[in-house]
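Here is the structure we will look at.
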Amino acid sequence: MWIWDIRLSSLLAVINTAVVLLLLADYYAVWRHRPRRLPFYLALLLIGAGGVAVGNALWPASGFYGQVYGESDFQSVSGSQFRPVAITFDDGPSPPYTTELLAVLRAYHVPATFFLVGEKAARYPQLVREIHGDGHEIGNHTWDHRDLLQISRVEAWQEIDRTNEIIQNLTGVRPQLLRPPHGFRDRTIIDMAGQRGMRVAEWTVMARDWQNPGVDVIVDRILSGVSPGAIILLHDGDGRDGVTPRRQTVEAVKRIIPALLAQGYTFVRVSEIPWPMDWRQPVEEEDHSRDN
Ligand SMILES: [Zn+2]
């Protein structure tokens, strides 16, 4: 559909202009004592449509603009004993926290997924090699953490491609996953990822660890939100300058991993989480027959 080719920002600009014109028309009609409020209601409708368009670009679990990892609850339809969980770290690599997390992951023999900022990967190449060498998955978190909804297509391509290149140069592997900064995406971004053979990875549970709310709070928020198929969002770095400490996250992970292992979870890389399209309809029917 043609509307999919429009960037969210352009769509919002059109809606804004239309709303202003409609409200002016409404004002004029009321002023002329012809209170047919059709323009007013049309404006309300457009504002609602704009809200839906924005909400789905920001909401991690939305499949509105295209399928993403983290879209839905895997366990509600899988009916299997398999309890996969993926733990992910954004905004690194970032010493000393990335190194400390790698040590924790090594101690428990569990894989993770690191969504790297390209510019930081270039600054800390050895850390990138270590992440890869330990068998973790590496995803693309753009070159310098810019909101992909607020830049042009050309700039977005640069953000994605430069980051893929540095990661491939350092590890020999091209990332299969894109996690847009803040998870914000529109149809264009999801299509761009697809054109590079990548899938967009969102998350299902987060602890807002970037606010450093305390180790207990981070642990509680994650453990209470995890279900089979969960994708956990945490941070080993800082989206801006890497100055915010991530000590709390490291300490929390030391408790989260053993707790989930004790609950029978299996840690997997994000690309090992079942893709929504693969299980959505058919598995659900099978699951019902088993329950009844
Ligand atoms: Zn980020």
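Judged by the gyration tensor of its Cα atoms, with axes a ≥ b ≥ c, segment 31-122 is oblate; a/c meets the 1.5 cut and b/c is at least as large as a/b. For segment 14-23, the Karplus equation 6.51 cos²θ - 1.76 cosθ + 1.60, evaluated at θ = phi - 60°, returns couplings of 5, 4, 4, 4, 4, 5, 4, 5, 5, 5 Hz by residue, with Gly and Pro reported as x. Between 261, 21, 223, the GNM of the chain built on Cα springs shorter than 10 angstrom shows 21 fluctuating the most. Between residue 134 and residue 107, the modelled label-to-label distance comes to 1.1 nm, taking each label 7 Å out from Cα in the direction of the beta carbon. Between residue 36 and residue 261, the contour length at 0.36 nm per residue exceeds the alpha carbon distance by 74.6 nm.
DSSP assigns beta bridges within segment 75-278; of those with both partners inside it, close to 0 percent run antiparallel. Computed over the chain with a Gaussian network model linking Cα atoms closer than 10 Å, the most mobile of 196, 37, 179 is 37. Using a Gaussian network model of the chain in which every pair of alpha carbons under 10 angstrom is joined by a spring, one finds that among 216, 191, 91 the greatest mean-square fluctuation is at 216. Distance distribution note for the chain: the fraction of Cα pairs above 33 angstrom is 31%.
Taking a Cβ cut-off of under 14 Å around residue 22, the surrounding Lys, Arg, Asp and Glu residues balance to a net charge of +1, with basic ones at +1 and acidic ones at -1.
Every read-out reported here was derived from the displayed coordinates using simple, explicitly stated rules and does not represent laboratory data. Since the structure is predicted, the reported quantities are computational estimates derived from the model, not experimental observations. Cβ: placed from backbone, ideal geometry, glycine included. Neighbour counts: every protein chain shown.
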